[in-house]
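The values are calculated or read from the model by the stated rules, or taken from the named source; none is laboratory data. All of these numbers come straight from a predicted model, not from anything done at the bench. Heads up, the Cβs are rebuilt from the backbone with ideal geometry, glycines too, and the neighbour counts pull from every protein chain shown. Only protein heavy atoms, including side chains, enter the accessible area calculation; ligands, DNA and RNA are left aside. Shrake-Rupley method; radii C 1.70, N 1.55, O 1.52, S 1.80 Å.
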Amino acid sequence: AIALERRMLAPLRDRAEYIIDTSNLSTAKLKGELRRLFAKGGTLEGRMDVRVTSFGFKHGVPMEADLVFDVRFLPNPYYVPELKEHDGTEGPVRDYVMNAPESHEMLQKLEELLAFSIPLYQREGKSQLVVAVGCTGGRHRSVAIACQLAAYLRSLGYRVELSHRDKDNRR
């Protein structure tokens, strides 16, 4: 069957401008070879695309997430009456979450981890990364931290899409 397929494809192979033997290529190496041959100037324009999303664990972990971080140990604005109905994109909620010393330390450690690991994901041929940050309901703590992470990753030059899956889900 393989010999027949090769005979049938021989006219196409004879017309091919490039032939890549993938027998011993990893996915990352194949991607690199395709970039070298077909990307403008032999490199990819731009950097890795990163999607940062907040979510609530009570609604389930996002299936598309590559990295999941749990921030349920941070102070919870849900239990502060004047903050309960607001979300982590709003200043008073963000300030409440970020005023806790553990929030700053955790955010610093997450930033260090992502600054270290994203280039390694790129080296392995990954062009997109989904970073999910979760708290109980997905309205307060995870939203505030996801916003901070997205801003940090943008400052490093990554293209970042920020979304809040459960921010408006009140059940």
ask   = Which value, in debye to the nearest 20, describes the size of the charge dipole of the chain about its Cα centre when Lys and Arg Cβ atoms bear +1, Asp and Glu Cβ atoms bear -1, and nothing else is charged?
value = 560 debye
ask   = Given H placed on each backbone N at 1.01 Å, which residues far from ASP70 in sequence or on other chains put an amide H within less than 5 Å of it?
value = GLY134
ask   = Which percent, nearest 5, of DSSP beta bridges in the chain are antiparallel?
value = 0 percent
note = So, with points 7 Å from each Cα along the Cβ direction, the GLU85-ALA3 label distance in nm works out to 7.9 nm
ask   = How much mean residue ellipticity at 222 nm does the chain get from its helices, if each DSSP H run of length 4 or more adds -39500 (n - 2.57) and you divide by all residues, to the nearest 500 deg cm²/dmol?
value = -14000 deg cm²/dmol
ask   = With the dipole of the stretch 53-171 worked out from charges on the C-beta (+1 for Lys and Arg, -1 for Asp and Glu) around the Cα centre, which of GLY138, ALA151, MET63 lies farthest toward the positive end?
value = MET63
task = Give the accessible area for MET8 in Å² (nearest 10); use a 1.4 Å probe, count only protein heavy atoms, and leave out ligands, DNA and RNA.
result = 130 Å²
ask   = What range in the chain is the longest one free of chymotrypsin sites (Phe, Trp or Tyr not before Pro) that are in a loop by DSSP and have at most 13 other Cβ atoms within 10 angstrom?
value = 74-171
request  = Would you be so kind as to identify which of TYR96, LEU30, GLN128 lies farthest towards the positive end of the dipole of the stretch 1-143, taking Lys and Arg as +1 and Asp and Glu as -1 on Cβ and the Cα centre as origin?
outcome  = LEU30
ask   = Rounded, prolate or oblate: which fits the stretch 93-171 when a ≥ b ≥ c are the square roots of the eigenvalues of the alpha-carbon gyration tensor, with rounded for a/c under 1.5 and prolate only if a/b beats b/c?
value = oblate
query = Candidates (i) 31, 19, 15; (ii) 27, 21, 12; (iii) 45, 17, 12; which is the computed semi-axes √(5λ) of the Cα gyration tensor in Å?
reply = (iii)
query = Once amide H atoms are placed 1.01 Å from N in the peptide plane, what residues at a sequence separation of 5 or more from HIS140, or on another chain, have their amide H within under 5 Å of its amide H?
reply = GLY88
request  = Kindly provide the trypsin sites (Lys or Arg not before Pro) of the stretch 94-134 that DSSP labels as loop, not H, G, I, E or B, and whose Cβ sees at most 16 other Cβ atoms within 10 Å.
outcome  = LYS126
key: the stretch 34-171: relative contact order as a whole-number percent, Cα under 8 Å and 6+ apart   = 45 percent
request  = For the stretch 1-110, give the percent of accessible area contributed by carbon and sulfur heavy atoms, probe 1.4 Å, rounded to a whole number.
outcome  = 53 percent
